[in-house]
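Below is one structure, written out as structure tokens, with a few remarks after it.
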Amino acid sequence: MPTPEQVYEALRGVLDPEYPVSVVDLGLVRGVHVEGPVVRVRLTLTSLGCPCVEILHEDIRRAILSLEGVEQVMVEQVFEPWSRADISPEGLRRLREVGVV
Amino acid sequence: MAGRGWGLAAVTEQELLQRIREGRLVEGPEHATERYLEGLKRTLVVSADTELVSAPAYLRAAQRAPTLNAYVSALGIIQDELGHAHIAYRLLEDLGVDTKALVYERDPGDFKYPYAFDVPLDTWTELVVANAFYDRAGFVLLGDVFRNTSYGPWKRALAKVDREENFHLRHGERWMEILASDPATKAELQEAVDWMFVMTLEWFGLPDRLKRHTEQIEYGLKGSTNDQLRQQWMSTAVPLCERLGLRVPAHFDPERGEYVIDCPFPADFDEENKRWRFEQGPVGWDQVLARWRRRGPANEEFVTQLQRGYRELVRAVA
């Protein structure tokens, strides 16, 4: 059974399908709960009509299922407000590199 | 026509080539010759037109999306393409081109995008194959420009374009996987691959033995030849299809160290039934060029759709 920190670490490997920034650095992960073999991730999106939602869910599920002791991953789609201010300094640096911010 | 002409260009041919050889980017007309600027503009128009016309072409088939999320993904891709078109037209505008006339007043037949987009995509299956094949061609071509172009403003703008095309490929591949996993949908997928694979091979244009790229390569407007780019496209498109159990008329030849096309190529295309007339054997590239010049079935519909709002506006204020 992983710790929430280990789950966050795995999520740092899940990149936005367009830009080389992880969902953690983008500020999209709004909570991680581990209950035995079940991991729940609360995820918000950068926009309501996010075109990448299915790909994101798949990647998150795959990344967390690769952790030892995890049997089920539930991605809970929340629509909490998101803004540029939620991007980490590292995320902003990488987005600048590809000409986005 | 080297030298300090009457136009925007400000350096001699020699000064320009020296600059490119030293790996210093051209930042504007003040670093270029007329001949360089004309070549650059021609290249940019093809890129801009291709991105622009993909929007109505994709939008038509997106109406067939199987779920709301799938539809939103398709719309996201179309929005990206319009953004990419805007970048290329804006670069043209900075070079003094009247882009309003270029986009909204040009005759549909004078647009410079690949013939492939003139063949309408009729189903969701064909749309996702277009994302996996056509967007991959765009990715290969623009990736080459990004790495090699001597024109600084384009190089910087493409950093973002390159990233976004990644998502389009991923979307196309993901949906091809889904459709390939069910025998009922796999047959339709194979049918789409049958005409669209060869259509994308054709996209890369004349083979090197018929076309010399001295100007484009000398000026650093592109880094690889048509045949090299076609190979690069096959090097990822063929393994994708093989992994999904789809037949394609090309395979890797380890002895030659390259991909070999296994069908008559180029071939005559039956626009109405969307199939290649392989039974007639290969045709000459002159015939292909003639078909491209005539443009295909959806050319007028798509360009008219793009220009409609502007025309109505012009009529309204007249």
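The values are calculated or read from the model by the stated rules, or taken from the named source; none is laboratory data. In this text, all values refer to a predicted model and were calculated from it rather than measured experimentally. Counting neighbours? That spans all protein chains shown, and the Cβs are built from the backbone with ideal geometry, glycine included.
Listed values, structure above:
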{"read-out": "Qualifying position, being farther than 26 Å from B:Asp162 by Cβ and out of contact with any Pro (no Cβ under 9 Å at 6 or more places or on another chain), among A:Glu68, A:Glu35", "value": "A:Glu35"}
{"read-out": "Number of positions in segment B:167-190 that are touching a helix residue (DSSP H, G or I) at 6+ places or on another chain (Cβ under 8 Å), away from chain A (no Cβ under 11 Å) and either surrounded by fewer than 19 Cβ atoms within 10 Å (Cβ to Cβ) or farther than 22 Å from B:Lys274 by Cβ (or both)", "value": "4"}
{"read-out": "Residues (surrounded by 24 or more Cβ atoms within 10 Å (Cβ to Cβ) and within 14 Å of chain A (Cβ to nearest Cβ)) located in segment B:133-146", "value": "B:Asp135"}
{"read-out": "Residue in segment B:147-158 that is more than 10 Å from chain A (Cβ to nearest Cβ), farther than 21 Å from B:Gln79 by Cα and assigned to a strand (DSSP E or B) present", "value": "yes"}
{"read-out": "Helices (runs of 4 or more DSSP H) contained entirely in segment B:161-258, each with at least 3 residues that are among the aliphatic types (A, V, I, L, M)", "value": "B:183-203, B:226-243"}
{"read-out": "Odd one out for A:Tyr8 among (1) buried (at least 20 other Cβ atoms within 10 Å of the Cβ); (2) away from chain B (no Cβ under 14 Å)", "value": "(1)"}
{"read-out": "Verdict on A:Thr46 being within 14 Å of chain B (Cβ to nearest Cβ), β-branched (Val, Ile, Thr) and out of contact with any helix residue (DSSP H, G or I) (no Cβ under 7 Å at 6 or more places or on another chain)", "value": "yes"}
{"read-out": "Residue match in segment B:121-129 (condition: outside any loop (DSSP other than H, G, I, E, B), within 14 Å of chain A (Cβ to nearest Cβ), in contact with a helix residue (DSSP H, G or I) (Cβ under 7 Å, 6 or more places away or on another chain) and closer than 30 Å to B:Arg293 by Cβ)", "value": "yes"}
{"read-out": "Qualifying residues in segment A:11-27 (those that are at pLDDT 95 or above and in contact with a Phe, Trp or Tyr (Cβ under 9 Å, 6 or more places away or on another chain)) - the one nearest to the other protein chains (Cβ to nearest Cβ)", "value": "A:Leu26"}
{"read-out": "Subset of segment A:63-96 (residues that are assigned to a helix (DSSP H, G or I) and surrounded by 13 or more Cβ atoms within 10 Å (Cβ to Cβ))", "value": "A:Ala63, A:Ile64, A:Leu65, A:Asp86, A:Glu90, A:Gly91, A:Leu92, A:Arg93, A:Arg94, A:Leu95"}
{"read-out": "For B:Ala48: the one exception among (1) away from every other protein chain (no Cβ under 14 Å); (2) under 27 Å from B:Pro297 (Cβ atoms); (3) in contact with a Gly (Cβ under 8 Å, 6 or more places away or on another chain)", "value": "(3)"}
{"read-out": "Members of segment B:53-65 that are surrounded by fewer than 24 Cβ atoms within 10 Å (Cβ to Cβ) and more than 12 Å from every other protein chain (Cβ to nearest Cβ)", "value": "B:Ala55, B:Pro56, B:Tyr58, B:Leu59, B:Arg60, B:Ala61, B:Gln63, B:Arg64"}
{"read-out": "Residue match in segment B:248-270 (condition: within 26 Å of B:Asp122 (Cβ to Cβ) and among the aromatic types (Phe, Trp, Tyr))", "value": "yes"}
{"read-out": "Test set (1) within 14 Å of chain A (Cβ to nearest Cβ); (2) surrounded by 18 or more Cβ atoms within 10 Å (Cβ to Cβ); (3) under 22 Å from B:Thr123 (Cα atoms) - B:Glu164 fails condition number", "value": "(3)"}
{"read-out": "Counted residues, segment A:28-43 - those being surrounded by fewer than 19 Cβ atoms within 10 Å (Cβ to Cβ) and under 11 Å from the mean Cα position of the chain (by Cα)", "value": "3"}
{"read-out": "Unmet requirement for B:Leu68, which otherwise passes all of (1) surrounded by fewer than 23 Cβ atoms within 10 Å (Cβ to Cβ); (2) within 14 Å of another protein chain (Cβ to nearest Cβ); (3) under 16 Å from B:Asn131 (Cβ atoms); (4) more than 17 Å from the chain's Cα centre (by Cα)", "value": "(3)"}
{"read-out": "Selection status of B:Asp162, modelled with pLDDT under 95 and of a type in the set (Asp, Glu)", "value": "yes"}
{"read-out": "Filter pass, B:Arg230 being closer than 19 Å to B:Tyr113 by Cα, among the basic types (Lys, Arg) and without any contact (Cβ under 8 Å) to a residue 40 or more places away in the chain", "value": "yes"}
{"read-out": "Breaking point among (1) of a type in the set (A, V, I, L, M); (2) away from every other protein chain (no Cβ under 14 Å); (3) within 25 Å of B:Tyr104 (Cα to Cα); (4) surrounded by fewer than 23 Cβ atoms within 10 Å (Cβ to Cβ), for B:Val11", "value": "(3)"}
{"read-out": "Subset of segment B:252-306 (residues that are closer than 29 Å to B:Glu242 by Cβ and of a type in the set (Val, Ile, Thr))", "value": "B:Val260, B:Ile261, B:Val283, B:Val288"}
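Each row is one residue, and each column tells you yes or no for (1) free of Cβ contacts under 8 Å to residues at least 12 places away in the same chain; (2) within 13 Å of chain B (Cβ to nearest Cβ); (3) under 20 Å from B:Asp162 (Cα atoms).
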position	(1), (2), (3)
A:Val29	no, no, no
A:Cys50	yes, yes, yes
A:Asp59	no, yes, no
A:Val73	no, no, no
A:Gly99	yes, yes, yes
